[in-house]
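Here is the structure we will look at, set down as structure tokens.
Nothing in this text is a laboratory measurement; each read-out follows from the coordinates by a stated rule. Since we're looking at a predicted model, the values are computed, not measured. Cβ placement follows ideal geometry from the backbone for every residue including glycine, while neighbour counts extend to all protein chains displayed.
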Amino acid sequence: MIYKNGKKIKQDMGLACEPFSNNSSNNVAEYTALIKALEFIKGKLDGKIIIRGDSQLAIRQMQGVYSVNAPRIIPLYKKARELVKDLNVKFEWIPREDNGEADWLSHKAYEEYIDKHPEARRTVEKYCATEKQKELMDRLKIKYDKYISKREASRLISRKLA
């Protein structure tokens, strides 16, 4: 989402690449979203621009705090750096819990893709939460995505029970 003076001026969603492909990763998705936002901003917004994201890696790399070593990230990083070259941009990391709307959009795009591609659904289902985990999350009133992983379900359950 892109806001100007507190008002949302752009919202979009989509997948950076095909899930479970050799090119897919959460970091590729984060950089792809950043690049799309910067392409929209370029020439449309001026003044001080604050970009907030919940990817510590992408934000810290764009701040110059972390180095960029992953071969599939390097070209994305270079493209993002090129796009911010003439902009007055500040990058801020925010916790995922404070980035709910963006998180929801990314999950929605993922779910829509999985729903439309049976071969992807078969791959995903191996990693999805068990019925027992889903029942427990329901009893604990934990909100979860349709294709939540076993690992994420365990994390949410543990956090709730702690």
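How about residue 85: which lysines have a C-alpha closer than 27 Å to its C-alpha, ignoring those fewer than 8 places off in the same chain?
Excluding near neighbours in sequence, the set is 4, 7, 8, 10, 36, 42, 44, 48.
Which of 67, 25 has the fewest other C-beta atoms within 10 Å, and how do the rest follow up to the most?
Starting with the residue having the fewest Cβ neighbours, the order is 67, 25.
Between residue 141 and residue 36, what is the label-to-label distance in nm when each label sits 7 Å out along the Cα-to-Cβ direction?
3.4 nm
Simple spin-label model, 7 Å along Cα-to-Cβ: residue 154 to residue 63 in nm?
Taking the simple label geometry, residue 154 and residue 63 are separated by 3.1 nm.
Identify the trypsin sites (Lys or Arg not before Pro) of region 82-111 meeting these criteria: DSSP loop state and at most 12 other C-beta atoms within 10 Å of the C-beta.
Sites meeting the loop and neighbour criteria: 85.
Treating cross-link reach as a plain straight distance, find the lysines whose alpha-carbon is under 22 Å from the alpha-carbon of residue 141, omitting any fewer than eight places away in the same chain.
108, 132, 150, 160
How large is log10 of I(q)/I(0) for region 2-99 at q = 0.20, 0.23 Å⁻¹ when the intensity is taken from the Debye formula with one equal scatterer per alpha-carbon?
Results for region 2-99 at q = 0.20, 0.23 Å⁻¹ read -1.09, -1.43.
Can you tell me what share of the DSSP beta bridges in the chain is antiparallel? A percent to the nearest 5 is fine.
40 percent
Can you give me the convex hull volume of the Cα atoms of region 39-90, divided per residue and expressed in Å³?
Here the figure is 81 Å³ per residue.
Mean shadow of region 73-162, computed from the convex hull of its alpha carbons, in nm²? Don't skip to the answer; put the middle values down first.
Working: hull surface 34.0 nm².
That works out to 8.5 nm².
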